[in-house]
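Engineer: Take this structure, written in structure tokens, and hold onto it; I'll ask about it next.
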Amino acid sequence: MKHIKTGIRIENLHLSFGQTEVLAGIDMEIQPGEFFAFLGPSGSGKSTLLRAIAGFGPTPRGRILIGDRDVADLPPWKRNVGMVFQSYALWPHMSVRQNVAFGPEERRLPRREIGPKVEAALELVGLLHLADRMPSQLSGGQQQRVALARTIAVEPQVLLLDEPLSNLDAALRVQMRRELLALQRKLGLTTIFVTHDQEEANTTSDRMAVLDGGVIQQIGTPQELYDTPANAFVAGFLGTANILEGQCDGIRFVTRGGHVIPVAKPVANARRIVLRPQNITLQGNATEGALRGSVRHREFLGSQIRYLVETADGQIIVDTLHSSGTQPFDEGAVVGLSIDSLSAPLLS
Amino acid sequence: MSTSTVPSVARRLTLFPRLSGAAFSGILIALFLMAFLILPVAQVVYVAFLDARTGAFTLQNFEDFFNTTLFRESFLNSFYVSAMSVVFATMIALPLAYITSRFNFAGTAVIQALGIIPLIMPPFVGAVAMTLLFGRNGTFNLLLNQYFGFRIPFMEGLNGVILVQSIHYFPFILINLSAALRNIDRSMEEAAQNLGSSGVRMFRRVVFPLAMPGYLAGAALVFIKVFDDLGTPLLLNVNTMLAPQAYLRITGVGINDPMGYVISFILVAFSVFALWASFLFMRGKDYATVQKGGGGLSKRDLRPREKMLAWVTILLILALVLSPHLGLVLLAFGTIWSFSPLPDAFTLQHFATVFTQSQQYIWNTILYAGSAAIIDVVLGTAIAYIVLRTGLPGRKWLDYMATAALAVPGVVLGIGYLRMFHTVQLPFGLGQMSSFWGIIIIALAVRRLPYALRACMAALQQVSLSLEEAAESLGASKTSTIRRVVVPLMTGGILAGFVTSFATAAVELSATIMLVGRSSDAPLAYGIYLYMQSPAGRGAGAALGILAVVMVALGTYLSQRIIERDRARRAASPGADH
């Protein structure tokens, strides 16, 4: 199975359900062959955007270019984008083979071409031996693979995956996401993956777009987004973040509570600083740190211990590595917080 | 459920000292169903295989049956009428289901009403009125003949039965097919579109196959109902069908004539076969694919011309569906209606006749249907509780036995009662058990039990087990938990079951007609049947028919209201699961 790598460009896309605007001016460009994730909480518009690319839902305003072709006004069956549905949407009245053959048949391919195509697609997902089963006789993971094979069999220009792992159990989810990535690399197929799970997006995607309220908050590689979030939403959505308010003067950030945090790259007009819990360490000697506080709450997480520390700048979450034999701080203990602040991003 | 929680009622019973209250009720219910459902039907089947004189086992009766031209013809007619009724009912239901499930359409409310209106009038009530509207010399054909010079034989012979039955029973197909279409997840359709399919081709390959089980369930139901119906052919004077033949043989030739039993056996066998076949087909094909968060099929707006077409279709069907009601009203309020498009004049005389001469029909109906409905909800609640909440061995069989009544045509149950109880003499001068009016109540109760039972089961399933456990943990015994927590929470469902049982029992004719001993014991349905026999009595018959329709309509409306109110209340409380 060969695929010509195709890019996607979305320009100023607006979409409303009645009076409610769900997508408010989306612009993005996805490179040919890229594994791209739409990440966001429920209601952020990520699924709506994916469905708009496939041609489902209300007609949007704006342009959707797949390759050089604007597909915004085409019905779904003329777009040649492959979509794998969250529920898999396997037709229960057809066998696995019939399900996979459906697309090639609708494209009026000659019968002698359909058979090999179906088998190749099933082979690719490792389910050729189950071709004559009915979907109800398959496990969730197998159904997922059939749905994938059914989509690949029509050789779409791009592959759209709508929360493909959400119906699988935790262990299978990890395995499936690796297989998905391997398959995508093998086919070189431009792929968009919708998820609300940052770990899924981080582990699979080349780049991702974080959406909230129908607006793209930031686009970049997983690491870029984690290390240099564009705003508080992205900072909070990707991992845990303590966001302290204050002001930046030259090389220091002064919090509202009066603590001084040195920064590596000062940003004029910066109003907030993002402190990751693992970049803060606690010391029993309260006078040493720039920040002081008392331990409010302690959670044992196995490899880590998470403290909630009450400070003049509000409650701060601190993660410390746990090794057996060490004595954790008790609730109520007065501690000093020392901050590895050089990597801490500043937000306006 | 151990012996420590045995209610005091059972403890007083020295004969079965270790029996719990639930087990005791279960045994009583099983005995009741045995005596009044299983044994009478078994008896009928058994007699069909007996030599009438020697009492030996034989297949001779069946040979006689198929060697008699009249019976062969009746058999073929019954089959033909049932099959054609399914075809016509499908022709009515399919466009309606398609329009509601695929398009945003203002007439959807009308279509929903179309799904209920026919069911509130038993088909035999409207049958005569339909003759006056669509018969050879009915309104429609008189006008047609006057202006265009030809007639259409809507009501000639079997056609009449097919027309009346398909107008009455198409809602079964409409309801089942619509539900099946509604249960298809949107992604099923979107997946097809995504792979390049659209329009009629997609409907044929993906949507309709997914709705097939629902359609077949509805079609099987229509087939059985028509196959078993006695009242409609009888009132249309079509006697060459199976159910009328069974009735005529037993009432005409006598209780010992084997032909009545052979026909009964065929009726039961067909019902069981149709139910079994549809069950077999449905097994493993639970296509209800709607996911949480997903909707049904996507709907689109109609273009102006399509909208016109949709309205014309719906209004035509509406006119057809309302015609028995319209005819009945004309008949009830008209003076003389013969060889003219409309009655000569209008009068209230027929209602006066009914109220002065035939009040007993109304009171009997209220007594019979009311008692039957009470029996049904009591048994229904008990069976539901035993099946869903106890671990009694064989409890499922109570459900199966009660539900089996669905497969037993009224004629067959009537014949079974006659056969079993005509030799039983009741004490206190009540006479023969088979002609005692109380047996009508039992027949009605047994026939409507499946409906009441489903309502009670549904109601109990919505009562979270934790609510009962909470009561028990606070020290309430099993009995007082049932009395103070379970039954009050089931009230809505029980009431709905009562009303449904009552309304449908009030117009049941096929079992009743076999069991009415004398006219003073007869209920409404039988009164309508008697009146409709002569042209002079039709007016009064129609007046009684209107009373019956009003009764059923009110009942249907009430049960809908009760169910809705119950649902609203449930939605507000977090205590119920589902």
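Engineer: In the range A:248-270, how many are within 22 Å of A:Val309 (Cβ to Cβ) and either out of contact with any helix residue (DSSP H, G or I) (no Cβ under 8 Å at 6 or more places or on another chain) or not assigned by TED's automatic domain parsing to the domain that holds A:Leu291 (or both)? Talk me through it step by step, then tell me what you get.
Structural biologist: Step one: list which residues in the range A:248-270 are within 22 Å of A:Val309 (Cβ to Cβ), which gives A:252-263.
Now restrict to residues that are either out of contact with any helix residue (DSSP H, G or I) (no Cβ under 8 Å at 6 or more places or on another chain) or not assigned by TED's automatic domain parsing to the domain that holds A:Leu291 (or both): A:252, A:254-260.
Counting residues in the range A:248-270 that are within 22 Å of A:Val309 (Cβ to Cβ) and either out of contact with any helix residue (DSSP H, G or I) (no Cβ under 8 Å at 6 or more places or on another chain) or not assigned by TED's automatic domain parsing to the domain that holds A:Leu291 (or both) gives 8.
Engineer: Quick one: which of A:Pro156, A:Pro135, A:Pro164 is modelled with pLDDT under 90 and closer than 19 Å to A:Val81 by Cβ? Spell out the reasoning first.
Structural biologist: Values: A:Pro156 fails: modelled with pLDDT under 90; A:Pro135 fails: closer than 19 Å to A:Val81 by Cβ.
Just a single option satisfies the conditions, and that option is A:Pro164.
Engineer: Among the residues that make up the range A:226-236, is at least one of them touching a residue at least 12 places away in the same chain (Cβ under 8 Å), assigned to a strand (DSSP E or B) and not charged (D, E, K, R)?
Structural biologist: Of all residues in the range A:226-236, those touching a residue at least 12 places away in the same chain (Cβ under 8 Å) come to A:226-235.
With the extra rule that they be assigned to a strand (DSSP E or B), the set shrinks to none.
Within the range A:226-236 (the criterion being touching a residue at least 12 places away in the same chain (Cβ under 8 Å), assigned to a strand (DSSP E or B) and not charged (D, E, K, R)), the answer is no, since none of the residues qualifies.
Engineer: Could you please give the count of residues in the range B:163-193 that are away from chain A (no Cβ under 14 Å) and either closer than 30 Å to B:Thr232 by Cα or surrounded by 24 or more Cβ atoms within 10 Å (Cβ to Cβ) (or both)?
Structural biologist: Within the range B:163-193, residues that are away from chain A (no Cβ under 14 Å) and either closer than 30 Å to B:Thr232 by Cα or surrounded by 24 or more Cβ atoms within 10 Å (Cβ to Cβ) (or both) number 17.
Engineer: Only one of these is in contact (Cβ under 8 Å) with a residue 24 or more places away in the chain, of a type outside the set (Val, Ile, Thr) and in a helix (DSSP H, G or I): B:Leu418, B:Leu392. Name it.
Structural biologist: Numbers: B:Leu392 fails: in a helix (DSSP H, G or I).
Within the list B:Leu418, B:Leu392, the selection yields B:Leu418.
Residues are listed down the side, and each one gets a yes or a no for (1) of a type in the set (Lys, Arg); (2) assigned to a helix (DSSP H, G or I); (3) modelled with pLDDT of 80 or more:
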{"residue": "B:Glu469", "(1), (2), (3)": "no, yes, no"}
{"residue": "B:Ile513", "(1), (2), (3)": "no, yes, yes"}
{"residue": "B:Ile546", "(1), (2), (3)": "no, yes, yes"}
{"residue": "B:Ser559", "(1), (2), (3)": "no, yes, no"}
{"residue": "B:His578", "(1), (2), (3)": "no, no, no"}
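Engineer: Something else about it: Taking B:Ile152, is it outside any helix (DSSP H, G or I) and within 20 Å of A:Ser136 (Cβ to Cβ)? Working first, answer last.
Structural biologist: On the way: outside any helix (DSSP H, G or I): yes; within 20 Å of A:Ser136 (Cβ to Cβ): no.
When the stated conditions are applied, B:Ile152 does not pass them.
Engineer: Run B:Asp185 past the list (1) under 19 Å from the mean Cα position of the chain (by Cα); (2) farther than 20 Å from B:Gly160 by Cα and report the number of the one that doesn't hold.
Structural biologist: Evaluating B:Asp185 over (1) under 19 Å from the mean Cα position of the chain (by Cα); (2) farther than 20 Å from B:Gly160 by Cα leaves (1) as the failure.
Engineer: Here's another thing I want to ask about it. I'd like the full set of residues that are in contact (Cβ under 8 Å) with a residue 40 or more places away in the chain and buried (at least 17 other Cβ atoms within 10 Å of the Cβ), limited to the range A:164-178. Walk me through how you get there before you give the answer.
Structural biologist: As a first pass, look at the range A:164-178 and keep what is in contact (Cβ under 8 Å) with a residue 40 or more places away in the chain: A:164, A:166-167.
Within the range A:164-178, A:Pro164 is the sole residue that qualifies.
Engineer: Among residues belonging to the range A:71-91 that are in contact with a Pro (Cβ under 8 Å, 6 or more places away or on another chain) and more than 13 Å from B:Asn194 (Cα to Cα), point out the one that is nearest to the other protein chains (Cβ to nearest Cβ).
Structural biologist: The qualifying residue nearest to the other protein chains (Cβ to nearest Cβ) is A:Trp91.
Engineer: Working carefully through the options A:Ala149, A:Ala170, find the one that is modelled with pLDDT of 90 or more and over 22 Å from A:Leu49 (Cα atoms). Talk me through it step by step, then tell me what you get.
Structural biologist: Numbers: A:Ala170 fails: modelled with pLDDT of 90 or more.
Unique residue meeting the criteria: A:Ala149.
Engineer: Could I ask something else about it? Looking at B:Val516, is it touching a Leu at 6+ places or on another chain (Cβ under 7 Å), of a type in the set (Val, Ile, Thr) and closer than 24 Å to B:Phe124 by Cβ? Spell out how you get there, then give the answer.
Structural biologist: On the way: touching a Leu at 6+ places or on another chain (Cβ under 7 Å): no; of a type in the set (Val, Ile, Thr): yes; closer than 24 Å to B:Phe124 by Cβ: yes.
When the stated conditions are applied, B:Val516 does not pass them.
Engineer: Could you give me the residue pairs with C-beta distances under 8 Å whose first residue belongs to the range B:61-76 and is aliphatic (A, V, I, L, M), whose second residue is surrounded by 13 or more Cβ atoms within 10 Å (Cβ to Cβ) wherever it lies, and which are 6+ apart or on separate chains?
Structural biologist: Within 8 Å, the pairs are B:Leu70/B:Thr240; B:Leu70/B:Gln245.
Engineer: Restricting attention to the range A:184-199, which residues are surrounded by fewer than 18 Cβ atoms within 10 Å (Cβ to Cβ) and either part of a helix (DSSP H, G or I) or in contact with a Phe, Trp or Tyr (Cβ under 8 Å, 6 or more places away or on another chain) (or both)?
Structural biologist: Once the filter is applied, which keeps residues that are surrounded by fewer than 18 Cβ atoms within 10 Å (Cβ to Cβ) and either part of a helix (DSSP H, G or I) or in contact with a Phe, Trp or Tyr (Cβ under 8 Å, 6 or more places away or on another chain) (or both), the range A:184-199 yields A:Arg185, A:Lys186, A:Glu199.
Engineer: Of the residues that make up the range B:194-201, is at least one away from every other protein chain (no Cβ under 11 Å) and within 34 Å of the chain's Cα centre (by Cα)? Even if it seems obvious, please write down each step before you answer.
Structural biologist: Of all residues in the range B:194-201, those away from every other protein chain (no Cβ under 11 Å) come to B:200.
Checking which are within 34 Å of the chain's Cα centre (by Cα) leaves us with none.
No, the range B:194-201 contains no residue that is away from every other protein chain (no Cβ under 11 Å) and within 34 Å of the chain's Cα centre (by Cα).
Engineer: Applying the selection to the range B:50-96, what residues are part of a strand (DSSP E or B) and surrounded by fewer than 13 Cβ atoms within 10 Å (Cβ to Cβ)? Walk me through it before giving the result.
Structural biologist: Of the range B:50-96, the ones part of a strand (DSSP E or B) are B:50, B:57.
The one that is part of a strand (DSSP E or B) and surrounded by fewer than 13 Cβ atoms within 10 Å (Cβ to Cβ): B:Phe57.
Engineer: Could you check B:Gly370 against (1) farther than 30 Å from B:Ser464 by Cβ; (2) in a helix (DSSP H, G or I); (3) over 21 Å from the mean Cα position of the chain (by Cα) and say which number it fails?
Structural biologist: Of the numbered conditions (1) farther than 30 Å from B:Ser464 by Cβ; (2) in a helix (DSSP H, G or I); (3) over 21 Å from the mean Cα position of the chain (by Cα), the odd one out for B:Gly370 is (3).
Engineer: Please enumerate the residues belonging to the range B:273-287 that are assigned to a helix (DSSP H, G or I) and either within 14 Å of chain A (Cβ to nearest Cβ) or loosely packed, with under 15 Cβ neighbours inside 10 Å (or both). Full working, then the answer.
Structural biologist: Residues of the range B:273-287 that are assigned to a helix (DSSP H, G or I), as a first pass: B:273-282.
Once the filter is applied, which keeps residues that are assigned to a helix (DSSP H, G or I) and either within 14 Å of chain A (Cβ to nearest Cβ) or loosely packed, with under 15 Cβ neighbours inside 10 Å (or both), the range B:273-287 yields B:Phe273, B:Trp276, B:Ala277, B:Phe279, B:Leu280, B:Phe281, B:Met282.
Engineer: Next question. Being within 12 Å of B:Val262 (Cα to Cα) and small (Gly, Ala, Ser) narrows it down to one residue among B:Ala56, B:Ala48, B:Ala35, B:Ala83; which is it?
Structural biologist: On the way: B:Ala56 fails: within 12 Å of B:Val262 (Cα to Cα); B:Ala35 fails: within 12 Å of B:Val262 (Cα to Cα); B:Ala83 fails: within 12 Å of B:Val262 (Cα to Cα).
The conditions single out B:Ala48.
Engineer: Additional query: Name the strands (runs of 3 or more DSSP E) wholly within the range A:247-348 that hold at least 1 residues that are surrounded by 12 or more Cβ atoms within 10 Å (Cβ to Cβ) and at pLDDT below 85? Even if it seems obvious, please write down each step before you answer.
Structural biologist: Details: elements: A:252-255, A:260-262, A:272-275, A:280-283, A:291-300, A:304-311, A:314-321, A:334-339.
It comes to A:252-255, A:260-262, A:280-283, A:291-300, A:334-339.
Engineer: Next up: Going by what's in this entry, would A:Thr240 be described as at pLDDT 90 or above and farther than 30 Å from A:Ser16 by Cβ? Before you say what the answer is, go through the steps one by one.
Structural biologist: Details: at pLDDT 90 or above: no; farther than 30 Å from A:Ser16 by Cβ: yes.
Here the answer is no, as A:Thr240 does not meet what is asked.
Engineer: Considering only the range B:131-178, state which residues are in contact (Cβ under 8 Å) with a residue 40 or more places away in the chain and of a type in the set (Ser, Thr, Tyr). Quick ask: steps written out before the conclusion?
Structural biologist: At the first step, the residues of the range B:131-178 found to be in contact (Cβ under 8 Å) with a residue 40 or more places away in the chain are B:131-134, B:137, B:139, B:142-143, B:155, B:157-158, B:160-178.
Within the range B:131-178, B:Thr131, B:Thr139, B:Ser166, B:Tyr169, B:Ser178 qualify.
Engineer: Consider only pairs whose beta carbons are under 7 Å apart and that are at least six residues apart or on different chains; among these, list those whose first residue lies in the range A:92-121 and is away from chain B (no Cβ under 13 Å) and within 20 Å of B:Ile184 (Cα to Cα) and whose second residue is at pLDDT 90 or above and not in a loop (DSSP other than H, G, I, E, B).
Structural biologist: So the pair list comes out as A:Val96/A:Leu130; A:Val96/A:Val146.
Engineer: Condition first: away from every other protein chain (no Cβ under 13 Å) and crowded, with 19+ Cβ neighbours inside 10 Å. Now tell me which residues in the range A:49-70 satisfy that. If you could, list the steps in order and put the result at the bottom.
Structural biologist: If we filter the range A:49-70 for residues that are away from every other protein chain (no Cβ under 13 Å), which is where we start, we get A:49, A:60-70.
Result: A:Leu49, A:Pro60, A:Ile64, A:Ile66.
The values are calculated or read from the model by the stated rules, or taken from the named source; none is laboratory data. Remember, predicted model here, so these are calculated numbers, not experimental data. Every residue, glycine among them, receives a Cβ derived from its backbone with ideal geometry; neighbour counts consider all protein chains shown.
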